[in-house]
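K.L.:
Below is a structure I'd like to ask you about.
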Amino acid sequence: MLLLTLVAGVANTLLVLAVNAVTNVVARGDRPDLFSSGLYVLAFAVYFFGSQTAMVRATRVVEHLLRNLRLQLVDKIRRSELTEISQLGKGQLYTLIAQETNHLSVTFPLMIDAAQQGILLLLSLVYLGWLSPAALLAFVVGVLAGAVVYSTIDSSFRQTRAQTAGRQARMLDVIADIIDGAKELRLNQRKSDDVLALYRKESQSVEVLMNRSGDHWADMLLLGSFATYLILGIVAFLFPDMIGGHQLMVFQLIPVLLFCMGPLTKLVASWPMFILADVGLRSILSIDRRLSESAGPSPDDARAEAPRFRDFGQISLTEATFRHRDPRGNTAFTVGPLDLTLTRGEITFLIGGNGGGKSTVARLIAGLYPLDAGTISVDQMPVSSPDIGGFRELFSAIFADFHLFDRLYGLEDVDPHEVNRLIDELGLTGKVRFEDGRFTQLALSTGQRKRLALIAALLEDRPIYIFDEWSAEQDPRFREYFYGSLLPRMRARGKTVVAVTHDDRYWHLADRVVKMELGRVEWSRAGGELELA
């Protein structure tokens, strides 16, 4: 690409020289000879096909690089800690992966053209200096004066674009609220109006910043035009009277100056796109570094470490402490310090009031939140950060904010008949089927979606299961199925179950019931004791 760009830039310069030479020939009353015409056509062909090949190649190269960049970002997102992803927010991540990489996609071919224009400008300036050192000096002084003003505009433009990216991320977060909270907004018009008002505010902020970006862009373009006409005016109106010997050369200098200003103007016009790409790339690299710092073990490492934990007897949290933090890093709620032990094959219920820390403890048990203090141990052996990926392979979970995939990822060889048998067992006959490796329908009620998620979890056949309020949206039939049939069967198969629940009528079925209050364990009792009570 660099070689083709250099050749095309030189050919472009030859076109300029050929046109200037032909102009002189025509001015003397002669006609261009066949050699000059052939040289012009040859230079044009080299310029055209060299530019085309370089730009096509540039597009393919940059798209390949951007595909790898997106893949790298998505891979780090899936491996990063949940706390880090939560702080970054969906809007910012969507903006970086989609919008900012698109800026790079559009800009990179322009860089090839800019390189050609730079070569053309450099060689044209050499020609201009050969014709008239004074004209070259006037050109350089005019460009340097413009560059001083340009640097101020450039700095403001970069700041504006960085602010715009942040505002667009917030706007995307509000859009996500409008889509994800569609039911709630339709039930409460005041809430709906407030969300719309917030979107209007963020949208107006983006509009103001985009207008400011447009102003900066216009200033850059007009600055290029100002420098062009300033230099042309000096050469055309002042040189003949102030500098001897230039009267006859003005007709040569003006076309050469125009050719010099042409590539300069194109470079100035393209520069705002380069700023967009540069700001976007810096943001991407900043998030990439941040994700790298919080990245967990690779899937290969996790799978390699998993066999170490499969024969566990006990899992213990000792003096475990975790702090929920707001976006500014201030502690909003603390869970722990707490001590909790899970024994293989037992059913443990976590109970307590809302906000007591039950769901957080469930995530701590699974190693999804990094401890601020304390340890997680398997059979009295602490689980270190490099081991956490293999430790997580013990668990399958359905959290309150679960996501339901339409495919059974990681279970590509599953027997479709077994999947559909479970669908029938869980009362989803006629509502959804498993066909061609995916569920035919996800637009179900919350309770039905939880049953579908339960099917996916059971098929994973992990040693430990976490259910966070699974029965909350179930009717009495499936609540009874869950507590009276499914959990005893899982215990009989040696599965360890941790269930967050408010269903006090079933607490006696657990081997142990742990009550959480204000982030700490208030008491722990055998399920049979609660039945007697």
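K.L.:
Where residues in the range 321-340 are hydrophobic (A, V, I, L, M, F, W, C) and more than 32 Å from the chain's Cα centre (by Cα), which of them is nearest to ALA306 (Cα to Cα)? Give the derivation first.
P.N.:
Of the residues in the range 321-340, the ones hydrophobic (A, V, I, L, M, F, W, C) are 322, 332-333, 335, 338, 340.
Cutting the leftovers down to more than 32 Å from the chain's Cα centre (by Cα) gives us 338, 340.
Details: LEU338: 26, LEU340: 22 Å.
The extreme case among them is LEU340.
K.L.:
Is it the case that GLY89 is modelled with pLDDT under 75, farther than 30 Å from ARG60 by Cα and surrounded by 17 or more Cβ atoms within 10 Å (Cβ to Cβ)?
P.N.:
Working: modelled with pLDDT under 75: yes; farther than 30 Å from ARG60 by Cα: yes; surrounded by 17 or more Cβ atoms within 10 Å (Cβ to Cβ): no.
Against the criterion (modelled with pLDDT under 75, farther than 30 Å from ARG60 by Cα and surrounded by 17 or more Cβ atoms within 10 Å (Cβ to Cβ)), GLY89 does not qualify.
K.L.:
Here's a follow-up. Can you work out which of the residues in the range 491-533 that are of a type in the set (Lys, Arg) and surrounded by fewer than 16 Cβ atoms within 10 Å (Cβ to Cβ) is farthest from THR343 (Cα to Cα)?
P.N.:
As a first pass, look at the range 491-533 and keep what is of a type in the set (Lys, Arg): 491, 493, 495, 505, 512, 515, 520, 525.
Keeping just the survivors that are surrounded by fewer than 16 Cβ atoms within 10 Å (Cβ to Cβ) gives 493, 505, 525.
Details: ARG493: 14, ARG505: 23, ARG525: 14 Å.
Filtering the range 491-533 for residues that are of a type in the set (Lys, Arg) and surrounded by fewer than 16 Cβ atoms within 10 Å (Cβ to Cβ), the one farthest from THR343 (Cα to Cα) comes out as ARG505.
K.L.:
Being farther than 24 Å from ASP468 by Cβ and part of a helix (DSSP H, G or I) is the filter; apply it to the range 410-433 and report the residue that is most open to solvent (accessible area, probe 1.4 Å).
P.N.:
Step by step, filter the range 410-433, then rank; the result is HIS417.
K.L.:
Which ones in the range 37-53 are open to solvent by less than 50 Å² (accessible area, probe 1.4 Å) and free of Cβ contacts under 8 Å to residues at least 60 places away in the same chain? Steps first, please.
P.N.:
Step one: filter the range 37-53 for residues open to solvent by less than 50 Å² (accessible area, probe 1.4 Å), giving 38, 43, 45, 50-51.
Result: GLY38, ALA43, ALA45, GLY50.
K.L.:
Can you name the residue in the range 8-41 that is of a type in the set (Gly, Ala, Ser) and at pLDDT 75 or above and is also farthest from LEU131 (Cα to Cα) among such residues?
P.N.:
Applying the first criterion (of a type in the set (Gly, Ala, Ser)) to the range 8-41 yields 8-9, 11, 18, 21, 27, 29, 36-38.
Filter once more, so that each one left must be at pLDDT 75 or above: 11, 37-38.
Values: ALA11: 20, SER37: 23, GLY38: 25 Å.
Taking the candidates together, the pick is GLY38.
K.L.:
LEU452 - would you say it is part of a helix (DSSP H, G or I) and open to solvent by less than 80 Å² (accessible area, probe 1.4 Å)? Before the answer, list the steps.
P.N.:
Working: part of a helix (DSSP H, G or I): yes; open to solvent by less than 80 Å² (accessible area, probe 1.4 Å): yes.
Against the criterion (part of a helix (DSSP H, G or I) and open to solvent by less than 80 Å² (accessible area, probe 1.4 Å)), LEU452 qualifies.
K.L.:
Same structure, new question: Which pairs have Cβ atoms under 7 Å, sit 6 or more apart or on different chains, and link a residue in the range 416-443 that is under 24 Å from GLU480 (Cα atoms) to one that is open to solvent by 80 Å² or more (accessible area, probe 1.4 Å)?
P.N.:
ILE423/THR429
K.L.:
Is one or more of the residues making up the range 72-79 open to solvent by less than 30 Å² (accessible area, probe 1.4 Å) and modelled with pLDDT of 75 or more? So that I can check it myself, show each step before the final result.
P.N.:
Step one: of the range 72-79, the residues open to solvent by less than 30 Å² (accessible area, probe 1.4 Å) are 73.
Next, from what is left, pick out any that are modelled with pLDDT of 75 or more: 73.
Scanning the range 72-79 turns up at least one residue that is open to solvent by less than 30 Å² (accessible area, probe 1.4 Å) and modelled with pLDDT of 75 or more.
K.L.:
Could you please find all residues in the range 310-332 being touching a Ser or Thr at 6+ places or on another chain (Cβ under 8 Å) and at negative phi? Before the answer, list the steps.
P.N.:
Filtering the range 310-332 down to residues touching a Ser or Thr at 6+ places or on another chain (Cβ under 8 Å) leaves 313-325.
Within the range 310-332, GLY313, GLN314, ILE315, SER316, LEU317, THR318, ALA320, THR321, PHE322, ARG323, HIS324, ARG325 meet the criteria.
K.L.:
Of everything in the range 382-401, what is within 20 Å of THR341 (Cα to Cα), open to solvent by 60 Å² or more (accessible area, probe 1.4 Å) and touching a strand residue (DSSP E or B) at 6+ places or on another chain (Cβ under 8 Å)? Give them in sequence order.
P.N.:
Listed by number, the list holds a single entry, PRO382.
K.L.:
Can I ask one more? In the range 472-526, what residues are over 28 Å from GLU393 (Cα atoms), touching a Phe, Trp or Tyr at 6+ places or on another chain (Cβ under 8 Å) and part of a helix (DSSP H, G or I)?
P.N.:
Selection gives TYR506 alone.
K.L.:
Which of the residues belonging to the range 477-490 are open to solvent by less than 40 Å² (accessible area, probe 1.4 Å) and either touching a helix residue (DSSP H, G or I) at 6+ places or on another chain (Cβ under 6 Å) or within 20 Å of LYS515 (Cα to Cα) (or both)?
P.N.:
If the condition is that a residue be open to solvent by less than 40 Å² (accessible area, probe 1.4 Å) and either touching a helix residue (DSSP H, G or I) at 6+ places or on another chain (Cβ under 6 Å) or within 20 Å of LYS515 (Cα to Cα) (or both), then PHE482, TYR483, LEU487 are the ones that fit.
K.L.:
Does PHE439 satisfy being surrounded by 21 or more Cβ atoms within 10 Å (Cβ to Cβ), at pLDDT below 90 and either touching an Asp or Glu at 6+ places or on another chain (Cβ under 6 Å) or among the polar types (S, T, N, Q) (or both)? Break it down into steps so the answer makes sense when it comes.
P.N.:
Details: surrounded by 21 or more Cβ atoms within 10 Å (Cβ to Cβ): yes; at pLDDT below 90: yes; either touching an Asp or Glu at 6+ places or on another chain (Cβ under 6 Å) or among the polar types (S, T, N, Q) (or both): yes.
Yes; evaluated as a whole, the condition is true for this residue.
K.L.:
Further, regarding this structure: (1) open to solvent by less than 40 Å² (accessible area, probe 1.4 Å); (2) β-branched (Val, Ile, Thr); (3) modelled with pLDDT under 90: which one isn't true of ILE464, the others all being true?
P.N.:
Unmet for ILE464, out of (1) open to solvent by less than 40 Å² (accessible area, probe 1.4 Å); (2) β-branched (Val, Ile, Thr); (3) modelled with pLDDT under 90: (3).
K.L.:
Read through the list (1) modelled with pLDDT of 70 or more; (2) more than 28 Å from the chain's Cα centre (by Cα); (3) not aliphatic (A, V, I, L, M), then give the number of the only condition that GLU207 fails.
P.N.:
Here GLU207 clears every test but (2).
The values are calculated or read from the model by the stated rules, or taken from the named source; none is laboratory data. Computed from a predicted model, the values in this text were never measured in an experiment. Positions of Cβ are generated from backbone atoms using ideal geometry, with glycine treated the same way; all protein chains shown enter the neighbour counts. What goes into the accessible areas is simple: the full protein's heavy atoms, side chains included, and nothing from ligands, DNA or RNA. Shrake-Rupley method; radii C 1.70, N 1.55, O 1.52, S 1.80 Å.
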